[in-house]
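K.L.:
Sharing a structure, written as structure tokens. Questions coming.
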Amino acid sequence: MFDSTTRTVVVVGAQWGDEGKGKLVDVLAERADWVVRYQGGANAGHTVHIGDTSFILHQIPSGILHPGVRCAIGNGVVLDPETLFTEVDELIADGVDVEGRLYVSERAHLVMPYHKLVDKASAASKAIGT
């Protein structure tokens, strides 16, 4: 799939997220220069198995697990800074080098702690179970 004429491969989901795009990106990521997440929130995520080690990622693209692959979190992502920093700390603790390889769009949407408090107190959230 990657050769001298193929410059870009895009994986786009057509459903609500559970159709396996993460697994496909995992397979393609080791040969990519960049893995870019362009939408979704911190509630998304999947587990990646590399050898005997498992990594659970919610915000950071799985390409970060492959040395030399740069990762970007784009403008359409709803970014939870608390989740992001927790993931970065866990990756570093597991020996994954993220320095100079993880980029975040300055236009990504942010979920702040008060957003979670407002949502938790919302009658509408209680009615639908979020």
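The values are calculated or read from the model by the stated rules, or taken from the named source; none is laboratory data. Quantities reported herein were computed from a predicted structural model and do not represent experimental measurements. Please note: Cβ atoms are built from the backbone with ideal geometry, for glycine as well, and neighbour counts cover all protein chains shown. Just the protein is used for accessible areas: all its heavy atoms, side chains included, with ligands, DNA and RNA removed. Shrake-Rupley method; radii C 1.70, N 1.55, O 1.52, S 1.80 Å.
K.L.:
In segment 31-97, which strands (runs of 3 or more DSSP E) lie fully inside it and hold 2 or more residues that are open to solvent by less than 10 Å² (accessible area, probe 1.4 Å) and β-branched (Val, Ile, Thr)?
P.N.:
So the answer is none; nothing clears 2.
K.L.:
Could you grab me the full set of residues in segment 33-73 that are within 14 Å of Arg101 (Cα to Cα) and not aliphatic (A, V, I, L, M)?
P.N.:
Asp33, Trp34, Arg37, Pro61, Ser62, Gly63, His66, Pro67, Gly68, Arg70, Cys71
K.L.:
Picking from Ile56, Ile60, Ile50, Ile64, which residue would you name as being at pLDDT below 90, in contact with a helix residue (DSSP H, G or I) (Cβ under 7 Å, 6 or more places away or on another chain) and not charged (D, E, K, R)?
P.N.:
Ile50
K.L.:
Considering only segment 98-110, state which residues are out of contact with any helix residue (DSSP H, G or I) (no Cβ under 8 Å at 6 or more places or on another chain) and in a loop (DSSP other than H, G, I, E, B).
P.N.:
Correct list: Glu99, Gly100, Ser105, Glu106, Arg107, Ala108.
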